[in-house]
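**Student:** Once you've had a glance at the structure underneath, I'll fire off some questions.
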Amino acid sequence: MAPGTTATRRTARPPSGRPPASALARLTAAADAALRAADGAFPAALAALVVADFVLALAVAARVPYTEIDWQAYMEQVAQYRAGERDYRSIRGGTGPLVYPAAFLYVFSALARLPSTAAVQVVFAALHAAAVGLYATAYRR
């Protein structure tokens, strides 16, 4: 810098041309700029994210012992549905009455047909990875 001149701090400006109002706004503007610059890399990054999520979920399922949270209650409710019960007031499990929508019964009826809880955990890992991919795609600008 030459003597007698003053330094001015330059900040990234959003497309509107106005300076960001806060640190969060500056961070958001920087993230937007980075995403625009790397837009072509999104499909590869998304694929890596989904695969990493799936592998991590499988690793957790392999290392952490199975813990039955509400599975037994869900299977009790599914058994009643599969036996022909259609009145929600009558479908109950170990945790109480059925409170989930009908899609819950359809999905868990399919899961009940899988040969083991390990197979169910793989399905849940795949569903979680797919959801992560969907969320990432939805948040993409």
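The values are calculated or read from the model by the stated rules, or taken from the named source; none is laboratory data. Computed from a prediction, not measured in an experiment: that's the story for all the values here. Methodologically, a virtual Cβ is constructed for each residue, glycine included, from the backbone with ideal geometry; neighbour enumeration extends over all protein chains shown. Side chains included, ligands, DNA and RNA excluded: accessible areas come from the protein's heavy atoms. Shrake-Rupley method; radii C 1.70, N 1.55, O 1.52, S 1.80 Å.
**Student:** Can you confirm whether the range 94-101 contains a residue that is out of contact with any Phe, Trp or Tyr (no Cβ under 7 Å at 6 or more places or on another chain) and in a helix (DSSP H, G or I)?
**Tutor:** So the first thing to find is which residues in the range 94-101 are out of contact with any Phe, Trp or Tyr (no Cβ under 7 Å at 6 or more places or on another chain), and the list is 94-97, 99-101.
With in a helix (DSSP H, G or I) added as a condition, the list becomes none.
No: the range 94-101 contains no residue that is out of contact with any Phe, Trp or Tyr (no Cβ under 7 Å at 6 or more places or on another chain) and in a helix (DSSP H, G or I).
**Student:** Right, next: Does at least one position in the range 75-88 carry a residue that is more than 25 Å from A57 (Cβ to Cβ), among the aliphatic types (A, V, I, L, M) and in a loop (DSSP other than H, G, I, E, B)?
**Tutor:** Yes; the residues of the range 75-88 include at least one that is more than 25 Å from A57 (Cβ to Cβ), among the aliphatic types (A, V, I, L, M) and in a loop (DSSP other than H, G, I, E, B).
**Student:** How many residues are in a helix (DSSP H, G or I) and open to solvent by 90 Å² or more (accessible area, probe 1.4 Å) when one looks only at the range 125-141? Explain how you work it out, then say what you get.
**Tutor:** Of the residues in the range 125-141, the ones in a helix (DSSP H, G or I) are 125-139.
Next, from what is left, pick out any that are open to solvent by 90 Å² or more (accessible area, probe 1.4 Å): 127-128, 134-135, 139.
Adding up the residues that qualify gives 5.
**Student:** How about the range 71-116: which of its residues are under 23 Å from F54 (Cα atoms) and loosely packed, with under 13 Cβ neighbours inside 10 Å?
**Tutor:** Correct list: A110, R113, P115, S116.
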